[in-house]
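Just below is one structure, and these are the notes that go with it.
The values are calculated or read from the model by the stated rules, or taken from the named source; none is laboratory data. Since the structure is predicted, the reported quantities are computational estimates derived from the model, not experimental observations. Cβ placement follows ideal geometry from the backbone for every residue including glycine, while neighbour counts extend to all protein chains displayed.
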Amino acid sequence: MSQLVQGYEVVIGFETHAQLSTQSKIFSRASVAFGAEPNTQACAVDMALPGTLPVMNIGAVERAIEFGLAINAHIAERSIFARKNYFYPDLPKGYQISQFEIPVVQGGEVSFFVEEGKETVRKTVRLERAHLEEDAGKSLHEDFIGQSGIDLNRAGTPLLEIVTQPDMRSSAEAVAYAKELHKIVTWIGICDGNMQEGSFRCDANVSVRKPGGALGTRREIKNLNSFKFMQQAIDYEVRWQIDQIEDGHAIQQATVLFNPDTGETRAMRTKEDAADYRYFPDPDLPPLVIGRDWVERVKSEMAELPRVMAERFVKDYALPEYDATQLTQSKAVAAYFEATAQACGQAKLASNWIMGEVSRRLNASEMTIEQTPVSAAQLAALIGRISDNTISNNAARQVFEALWTEGGEVDAIIEAKGLKQMNDTGELEKIIDDVLAANPKNVEEFKAGNAKALNGLVGPIMKASKGKANPGQVNALLMKKLG
């Protein structure tokens, strides 16, 4: 059920531009390397000099095929390139080569988990399409002798525009979707996902409506370049639209920008509809024909997909679906988990530690899993000592802290810190007998039916054993002696 905001339902759709990881542009041989001096990577084709013709980059097509396979979409056997006509100074041809009526990737879906109150819920967003297109150049508004400048280095850079259905109902869902999409394109290697450099740019179409009503008028928030700003921008836009409607104003379709300094969105221009772009098939480019043998070859060369790997983790390691999904957020995390689980034979414990203590320390240190000072072998050894009751969970956290800050071997740390659990039943029974004799009131209360009185006995026993007693063994012996 949708979460309402001031009695309104939020409706969000996404358009994401993923820059494809080719070495050259989509219709020319010019480089797409980031950071070059302005206009040093724009050839005659990119500048639309008379007599030039576009030539399709096969690498861009194969990356689109990979994406279609990754999201279970239909890959069109025949797709068409079109001219999208509009007039900006950084668009040298006066039109952008894109796809309109027949895109290369059609349908598909992206699933993810999102927090709703105290629950973790699985959501699925349907994709409408993903189509190939070229990027425009960039306007530079520094003062060039009283003028703006144009940098055409980006002109012709290959993009895959990924368009969703309006299936998201909160900013949290939108961010979770964007993160999952980011994971997919970086996992399969079709995009480096660098949001700061513009390789992964998200536009959010936001509208509000009364539950069950017709879709409201949308406003498009352009170029959201961080997940944090994405959530802030959508939340502000939702509140703004509701306030406008409540004050009796109609929402006008528009393109807006988010200002992270003020936390506000601001209208940039009236939003165009498809008819405004006067699409028509590009006469310089033949239809793109993709045979099944081409698709099958690309599929055979792809690495294991994250959703497929997650399914395997559920089957092979008996993990919950949530754990499997979290552990396949990146190839590096998945590899770390598999190495740990295989070494210790305790997959669920390995999952708990990686999603818990390891992730907590990585986040606090702003590190990635590749930078962790605790190797998979060390974590497996630690889990092994928990499993064989050598140390308690509390002691294990002390060992992990030492591994993280100082390094070393698990067994050596346990020995040096004296963390071994007490497994001598005779010694433990003597401690328990002494505690029972010293706490007759708790014993009487427990025997009278007050289960909480047991806590008043366990505490002193653990203290007397200096925390080395096995809690499970303590409870078992206590219950036995207390009948």
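Within region 257-272, how many residues turn out to be touching a residue at least 12 places away in the same chain (Cβ under 8 Å), outside any loop (DSSP other than H, G, I, E, B) and over 25 Å from the mean Cα position of the chain (by Cα)?
4
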Practice item. Considering only region 369-391, state which residues are surrounded by fewer than 21 Cβ atoms within 10 Å (Cβ to Cβ) and at pLDDT below 95. Key: Ile386, Ser387, Asp388, Asn389, Thr390
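So, of the residues in region 331-347 that are of a type in the set (S, T, N, Q) and touching a helix residue (DSSP H, G or I) at 6+ places or on another chain (Cβ under 6 Å), which turns out to be nearest to Ala380 (Cα to Cα)? Give the derivation first.
Here is the first cut: in region 331-347, the residues of a type in the set (S, T, N, Q) are 340, 342, 346.
Those still in the list that are touching a helix residue (DSSP H, G or I) at 6+ places or on another chain (Cβ under 6 Å) too: 340, 346.
Numbers: Thr340: 5, Gln346: 8 Å.
Restricting to residues being of a type in the set (S, T, N, Q) and touching a helix residue (DSSP H, G or I) at 6+ places or on another chain (Cβ under 6 Å), the top hit is Thr340.
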**Study point:** Selected residue (only one of Ala33, Ala64, Ala70, Ala42 is within 23 Å of Asp192 (Cβ to Cβ) and either surrounded by fewer than 17 Cβ atoms within 10 Å (Cβ to Cβ) or in contact with a Pro (Cβ under 7 Å, 6 or more places away or on another chain) (or both))
**Key:** Ala33
**Study point:** Set Ile12, Ile58: member being aliphatic (A, V, I, L, M), in the same structural domain as Val206 (by TED's automatic domain parsing) and surrounded by fewer than 22 Cβ atoms within 10 Å (Cβ to Cβ)
**Key:** Ile58
Practice item. Determine, yes or no, whether Val358 is over 30 Å from Asn72 (Cβ atoms) and either of a type in the set (Phe, Trp, Tyr) or not in a helix (DSSP H, G or I) (or both). Key: no
Revision key, fill the gap. Scanning region 157-186 for residues that are surrounded by 21 or more Cβ atoms within 10 Å (Cβ to Cβ) and closer than 16 Å to Arg63 by Cα gives Thr157, Pro158, Leu159, Leu160, Ile162, Leu181, Ile184, Val185
**Study point:** Every residue from region 456-481 that is exposed (fewer than 15 other Cβ atoms within 10 Å of the Cβ) and either farther than 21 Å from Arg385 by Cβ or at pLDDT 80 or above (or both)
**Key:** Gly459, Lys463, Met479, Lys480, Lys481
Review point. For region 423-448, what are the residues that are buried (at least 19 other Cβ atoms within 10 Å of the Cβ) and under 49 Å from the mean Cα position of the chain (by Cα)?
Key: Leu428
Practice item. Check whether at least one residue in region 300-308 is of a type in the set (A, V, I, L, M, F, W, C), without any contact (Cβ under 8 Å) to a residue 40 or more places away in the chain and either assigned by TED's automatic domain parsing to the domain that holds Asn393 or within 29 Å of Tyr177 (Cα to Cα) (or both), and report yes or no. Key: yes
Exercise for review: Go through region 98-119 and give me each residue that's within 21 Å of the chain's Cα centre (by Cα) and surrounded by 12 or more Cβ atoms within 10 Å (Cβ to Cβ).
Suggested key: Gly107, Gly108, Glu109, Val110, Ser111, Phe112, Phe113, Val114, Glu116
Practice item. Tell me which residues, restricted to region 202-225, are modelled with pLDDT under 95 and within 16 Å of the chain's Cα centre (by Cα). Key: Leu224, Asn225
Point to revise | Positions within region 120-139 being exposed (fewer than 14 other Cβ atoms within 10 Å of the Cβ) and aliphatic (A, V, I, L, M), in sequence order | key: Val121
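Looking at region 151-173, is at least one residue charged (D, E, K, R) and within 22 Å of Asn39 (Cα to Cα)?
First, the residues of region 151-173 that are charged (D, E, K, R): 151, 154, 161, 167, 169, 173.
Still in the running and within 22 Å of Asn39 (Cα to Cα): 151, 154.
Taking every residue of region 151-173 in turn, at least one turns out to be charged (D, E, K, R) and within 22 Å of Asn39 (Cα to Cα).
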